[in-house]
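The values are calculated or read from the model by the stated rules, or taken from the named source; none is laboratory data. What you see is a predicted model; the values in this text were computed from it and never measured. Using ideal geometry, Cβ is built from the backbone for each residue, glycine included, and neighbour counts are taken over all protein chains shown.
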Amino acid sequence: MLDFIQQLVGGIALGCVYGLIALGFVLIYKATEVVNFAQGDLMMLGGFFAYGFIDQLGFNYWIGFLCAVIAMAAFGSLVERVIVRPILGYPQFSIVMVTIGLGFALRAIVGMIWGTDDLRIDTPFSSGVMHVGKLVIAHDKLSVIVATVLLCGVLWLYFNKTRMGIAMQATSQNMLGAYYMGIPVKRVFSLIWAISAAVAGFAGVLLAPIAFIHTNIGFLGLKAFPAAVLGGFGSIPGALVGGLVIGVAETLSGFYLPEGFKDVAAYILLLVVLMVRPAGLFGLNLRKKV
Amino acid sequence: MRPIFQTDYGQDIRLFRHSGYLWSYGVLLLLVLLAPFVIGSYLQSQIVFVFIYAIVGVGLLILAGFAGQVSLGHAAFLAIGAYTAGYMQRHGVPFLVYLPLSVVLTGAVGALVGFPALRLAGIYLVIATIAFGFIMEEVAARWESVTNGNDGMRIKQIELFGFTLSRDGYSFYYLCLGFLVLVLILALNLLRSPTGRAFIAIRDSETAAQSIGVNLSVYKVMAFSISAAMTGLAGCLYAHKMSFISPEMFTLLLSLEFVIVILIGGVGSLHGAVLGSIFVVMVDPFLSYLKDDLPRVIGEMARSFGVANPGALQDTLSAIGGAAGLKGAIYGLIIIVFIIFEPYGLYGRWLKIRLYFELFPLYKKATFRRQKTYVKSERYR
């Protein structure tokens with residue numbers, strides 16, 4: 001039983017990682033109906049920024065953290081301005097392909113600048129564990145769980161309670177309509193890309209003690225993507241729940257099922273859920289009435 | 001520009017709209033037929049890859065470009081075709097039997113994937129096909145009795161009527177070319193039939209298609225199945241061309257390449273599949289060429305213009321060219337630039353060039369100017 005609970009806690013921590021990355025997907029989709037396949041690579045870039053600030057420039061961890069998140073926000077709005085805005089209004093898949101291209105380019109350029117070795121930064125969470133009864137939880141995992149839940153809460157409040165958040169939802173439903181209502185649509189776009197990239201940077205820094213900083217860490221985004229879809233693309237609590245479901249399923253199947261199921265558990269679960277609920281767990285399945 | 005006077009519907013759906021088309025495609029076919037005698041063996045081998053990619057491209061174009069169902073799992077279909085060929089060949093089944101078998105089997109799997117895909121749309125369909133791709137990759141790695149697992153599988157050369165078709169020889173080139181032409185004609189005929197028009201209707205509006213009596217489920221499953229079958233055919237040829245297959249060859253990256261084929265080529269037309277596959281196959285050797293030869297060429301030019309210290313310049317350029325991952329960066333940037341500046345792909349560019357010459361002094365840029373578009377939610381389909 002203890003084994004099971006320990007695995008469960010590990011799964012929840014992993015799930016929060018996925019949830020954190022999935023949040024980035026969901027934010028952009030929720031506000032602009034764009035799917036950003038480079039989310040995982042943005043996270044990787046965030047990790048490398050943090051490495052640059054903390055290890056190479058010698059900043060304090062927290063200041064370096066802040067700088068990395070701010071730099072990511074600036075980078076996010078730059079990406080929006082330069083490559084996303086010119087193709088708005090094209091079929092959704094064109095934008096998906098552009099972000100895939102961005103991911104290729106980012107991975108290669110970061111590899112050229114920082115090399116392809118495993119890097120790591122010292123963080124206050126790197127060592128140390130917490131004991132709850134007989135359970136052992138490492139501080140780095142705990143930090144991810146706490147940060148994910150907090151971020152989810154803050155972003156949910158932002159989207160549902162503030163003027164700008166509601167304006168973002170309006171923009172995603174009908175851009176022209178949003179223009180007519182006086183919503184600054186272009187600013188909404190830059191802002192949401194900045195926020196989403198900042199969240200990715202946040203994830204990158206928090207992940208640094210758990211996984212190394214490496215150019216291929218962006219592939220975690222491929223696991224986070226099912227999490228976002230499972231929760232229903234466009235639902236912030238859905239991203240967290242989806243991430244948790246996938247993280248727990250992956251950990252438990254790695255522990256109890258034969259080898260090989262661990263890697264595909266997320267995808268099998270995703271297919272099953274999509275067959276029952278084609279728009280994810282929390283998604284709205286609306287159809288046009290004629 | 002030749003005015004076309006049509007008097008009945010049969011003329012409107014002719015394969016070649018007028019004799020000019022017949023001539024130009026005939027000349028093109030002749031050039032491709034003569035090519036292997038002129039070009040070197042390396043280029044010939046690359047062109048075989050172009051043929052194989054183009055077959056997949058045509059398949060994907062029918063699904064994504066005409067039926068509007070985007071798939072990022074086509075590497076899995078390719079794998080099914082390739083592994084079927086390999087498994088059958090190992091058990092002594094002749095080529096003439098296992099080639100159709102791999103086509104039929106992949107088509108059947110495509111239909112099976114099509115059923116759950118019926119309820120999905122847009123991004124949910126993309127992720128479902130990605131999931132299918134990952135699962136098939138894992139199956140290929142674990143089902144060792146059939147696929148030989150991660151050790152991979154050797155594919156012997158094709159035996160046909162007592163002859164052996166070497167994978168680098170002329171005969172294999174012509175075999176692949178023949179299949180590409182066959183697939184193209186098949187696709188053209190499909191697209192001018194009621195089935196093809198139903199696909200296009202589904203792409204443009206599912207609701208409207210349904211209301212004029214298109215059975216969505218039947219046609220969507222059919223599109224998936226046809227597309228998968230073509231990819232299975234390409235898979236069989238791909239296995240023979242590579243002569244060795246292993247699970248890590250059929251990853252998401254390959255599926256992405258196929259989508260890049262049709263996007264760079266131009267989604268609206270079968271020309272796009274061929275042009276796009278030329279681009280995707282040739283970009284790699286081209287970048288290597290740039291990397292190896294360009295620094296030297298620039299260095300020589302600098303020397304002839306009398307720039308101080310041309311050797312250092314050449315070394316710097318070589319260092320930049322030699323940096324790991326430069327190819328990935330350029331590849332990514334090409335995709336971005338293409339989609340931003342030429343959303344209709346290489347074929348779109350060709351149409352513009354052709355129109356420029358047809359209307360020579362009167363060509364206006366505004367003909368192709370895009371209108372301001374606003375995004376509307378796809379959640380309310």
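Here the stretch A:150-175 is the region considered, the condition is being assigned to a helix (DSSP H, G or I) and exposed (fewer than 14 other Cβ atoms within 10 Å of the Cβ), and the residue that is farthest from the other protein chains (Cβ to nearest Cβ) is A:LEU150. Pairing each residue of the stretch A:256-284 that is over 17 Å from A:LEU244 (Cβ atoms) with any residue that is of a type in the set (S, T, N, Q) and buried (at least 17 other Cβ atoms within 10 Å of the Cβ), provided the two are 6+ apart or on different chains, yields C-beta distances under 7 Å for A:PHE261/A:SER253. Total residues in the stretch B:88-113 satisfying the condition of being within 13 Å of another protein chain (Cβ to nearest Cβ) and crowded, with 19+ Cβ neighbours inside 10 Å: the figure is 1. So is B:MET136 in contact with a helix residue (DSSP H, G or I) (Cβ under 6 Å, 6 or more places away or on another chain), in a helix (DSSP H, G or I), among the aliphatic types (A, V, I, L, M) and free of Cβ contacts under 8 Å to residues at least 24 places away in the same chain or not? No: the conditions fail for B:MET136. Contact map, the stretch A:99-118: first residue at the interface with chain B (Cβ under 7 Å from one of its Cβ atoms) and closer than 11 Å to B:ALA329 by Cβ, second residue of a type outside the set (A, V, I, L, M, F, W, C) and surrounded by fewer than 23 Cβ atoms within 10 Å (Cβ to Cβ), Cβ cut-off under 7 Å, separation 6 or more or different chains; pairs are A:PHE104/B:GLY328; A:PHE104/B:TYR331; A:ARG107/B:GLY328; A:ALA108/B:GLY325; A:ALA108/B:GLY328; A:GLY111/B:GLY325; A:MET112/B:GLY325. Of all residue pairs spaced 6 or more apart or on separate chains, those with beta-carbon atoms under 8 Å, a first member in the stretch A:153-180 that is free of Cβ contacts under 8 Å to residues at least 40 places away in the same chain and a second member that is of a type in the set (Ser, Thr, Tyr) and part of a helix (DSSP H, G or I) are A:MET164/A:TYR158; A:GLY165/A:TYR158; A:ALA178/A:THR171. The set of residues from the stretch B:259-307 being β-branched (Val, Ile, Thr) and over 28 Å from B:TYR347 (Cβ atoms) comprises B:VAL297, B:ILE298, B:VAL307. Of the residues contained in the stretch A:188-204, none is found to be within 14 Å of chain B (Cβ to nearest Cβ) and not hydrophobic (A, V, I, L, M, F, W, C). The helices (runs of 4 or more DSSP H) found wholly in the stretch B:1-118 and carrying at least 1 residues that are over 27 Å from B:SER193 (Cβ atoms) and outside the structural domain of B:LEU275 (by TED's automatic domain parsing) occupy B:19-38.
Criterion first (surrounded by 18 or more Cβ atoms within 10 Å (Cβ to Cβ), within 13 Å of another protein chain (Cβ to nearest Cβ), of a type in the set (A, V, I, L, M) and outside any helix (DSSP H, G or I)) does A:ILE183 satisfy it? In short, yes. The number of residues in the stretch B:19-62 being under 13 Å from B:MET282 (Cβ atoms), surrounded by fewer than 24 Cβ atoms within 10 Å (Cβ to Cβ) and among the small types (Gly, Ala, Ser) comes to 1.
If you filter the stretch B:54-112 down to residues that are over 15 Å from the mean Cα position of the chain (by Cα) and β-branched (Val, Ile, Thr), you find that the one that is farthest from B:PRO247 (Cα to Cα) is B:VAL97. Just the residues that are within 10 Å of chain B (Cβ to nearest Cβ), modelled with pLDDT of 85 or more and not in a helix (DSSP H, G or I), please, taken from the stretch A:25-59. Within the stretch A:25-59, A:PHE37, A:ALA38 meet the criteria. Scanning the stretch B:168-178 turns up at least one residue that is farther than 19 Å from B:LEU270 by Cβ, surrounded by fewer than 18 Cβ atoms within 10 Å (Cβ to Cβ) and in contact with a Ser or Thr (Cβ under 7 Å, 6 or more places away or on another chain).
To keep it simple, each residue is scored yes or no on (1) closer than 14 Å to B:ILE334 by Cβ; (2) under 10 Å from the mean Cα position of the chain (by Cα).
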position	(1), (2)
B:SER246	no, no
B:PHE250	no, no
B:VAL261	yes, yes
B:GLY265	yes, yes
B:SER277	no, yes
B:ASP284	yes, no
B:LEU290	yes, no
B:ASP293	no, no
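On inspection, B:ILE353 does not qualify as more than 7 Å from chain A (Cβ to nearest Cβ), surrounded by 12 or more Cβ atoms within 10 Å (Cβ to Cβ) and modelled with pLDDT of 80 or more. For the stretch B:2-20, the condition of being within 25 Å of B:MET230 (Cβ to Cβ), within 20 Å of the chain's Cα centre (by Cα) and not hydrophobic (A, V, I, L, M, F, W, C) holds for none of the residues.
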